[in-house]
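Working notes, structure below.
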Amino acid sequence: MRLVLYNIRYGTGTGWEYHFPFPFSGCLRKTEGRFRRISDFISQLAPDVVGLVETDSGSYRQNGSCQAEVMASRLGADSVFACKYHNESIVSRTPLLKSQGNAVIAKLPILSSREHFLSKGVKRTLLEVEFRDFTLFLAHLSLGYRARKIQIGEIADRCRAAKKPLIIAGDGNTYMGEQELLPFLRKGKFRSANGRNMPTYPSKNPAFALDFVLYSEEIKMKDFRVPRVRFSDHLPLICDFTVGAGKGLLAS
């Protein structure tokens, strides 16, 4: 199976023009053309599952269309979107911001999906999507170190109750390095697909491994790549894997 993880920055682009005529003004620009190019790129990768971080559910930027649904239609897949802000937060009811979140797009049958809200941070949503052979958690963690540490601990606690093999993926904002993910990596329960700690941000001159894919011991990682493309300020992650249980192979 192939998983593609990509923080697409809502399709608003990257580079110096993103900050012209004023800082971060690019976040207000229309996105359909850039998102079409992102969809073309991902479609060529032939993924089974896509985790999109920073995707738009239908603001004016995308002319009312949900990016996850548009990509799912392109891939012949289903999609699940979750606003990244707590549903009781004023941010989740603010124009434009209420359309910002994360999504899972899958050709595999989705058995169930749930949103969990972490206790700290502005971005609090943990999206859980269950498939036949494994469960995927998708997150966009806090920029603040203290809040992020608490969020990582809470996700690790939730993983202990999992009944299926797990993949945990997202934009971790782990500027302090891979050691921030130790609650997952201790005792060998999870491994990082990015074993060489290849940087994923910023896309022009990557210096930080902010984006991550972690997997539990029942999963075998066959291949991992970080293509050098600049559709966003982050680089995408491509993971090819199989899922096994005991001695039997469940999926490939």
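The values are calculated or read from the model by the stated rules, or taken from the named source; none is laboratory data. Since the model is a prediction, treat every value here as computed from it, not as a measurement. Neighbour counts are summed over all protein chains in view; Cβ atoms, including those assigned to glycine, are modelled from backbone coordinates with ideal geometry.
Restricting to segment 238-252, give me the number of residues that are modelled with pLDDT of 95 or more and either acidic (D, E) or over 19 Å from L108 (Cα atoms) (or both).
1
How many residues does segment 140-157 contain that are touching a strand residue (DSSP E or B) at 6+ places or on another chain (Cβ under 7 Å) and either among the charged types (D, E, K, R) or farther than 21 Å from V50 by Cα (or both)?
1
Across segment 4-20, what is the total count of residues that are more than 21 Å from C66 (Cβ to Cβ) and not in a loop (DSSP other than H, G, I, E, B)? Reasoning before the result, please.
Filtering segment 4-20 for residues more than 21 Å from C66 (Cβ to Cβ) gives 14-20.
With not in a loop (DSSP other than H, G, I, E, B) added as a condition, the list becomes 16-19.
Total meeting the criteria: 4.
Looking only at residues in segment 45-100 that are small (G, A, S) and at positive phi, which one is surrounded by the most Cβ atoms within 10 Å (Cβ to Cβ)?
Looking at residues that are small (G, A, S) and at positive phi, I get G58.
Looking at this structure, is R146 at pLDDT 95 or above, among the basic types (K, R) and under 17 Å from the mean Cα position of the chain (by Cα)?
Values: at pLDDT 95 or above: yes; among the basic types (K, R): yes; under 17 Å from the mean Cα position of the chain (by Cα): no.
Considered against the rule, which asks whether it is at pLDDT 95 or above, among the basic types (K, R) and under 17 Å from the mean Cα position of the chain (by Cα), R146 comes out as no.
Which residues, taken from segment 71-102, are closer than 18 Å to F41 by Cβ and touching an Asp or Glu at 6+ places or on another chain (Cβ under 9 Å)?
Narrowing segment 71-102 to residues closer than 18 Å to F41 by Cβ: 71-77, 79.
Result: A72, R74, A77, S79.
Can you list residue pairs whose Cβ atoms sit under 8 Å apart, with the first residue in segment 133-160 being closer than 14 Å to D171 by Cβ and the second being of a type in the set (D, E, K, R) and part of a helix (DSSP H, G or I)? Count only pairs 6 or more apart in sequence or on different chains.
F137/R158; L141/R148; S142/R148; R148/E180; I152/E180
Which residue is nearest to P227 (Cα to Cα), if the candidates are limited to segment 183-205 and must be assigned to a helix (DSSP H, G or I) and in contact with a helix residue (DSSP H, G or I) (Cβ under 7 Å, 6 or more places away or on another chain)?
Residues of segment 183-205 that are assigned to a helix (DSSP H, G or I), as a first pass: 183-188.
Then keep just the ones that are in contact with a helix residue (DSSP H, G or I) (Cβ under 7 Å, 6 or more places away or on another chain); that gives 183-184.
Details: P183: 28, F184: 25 Å.
In this case the residue turns out to be F184.
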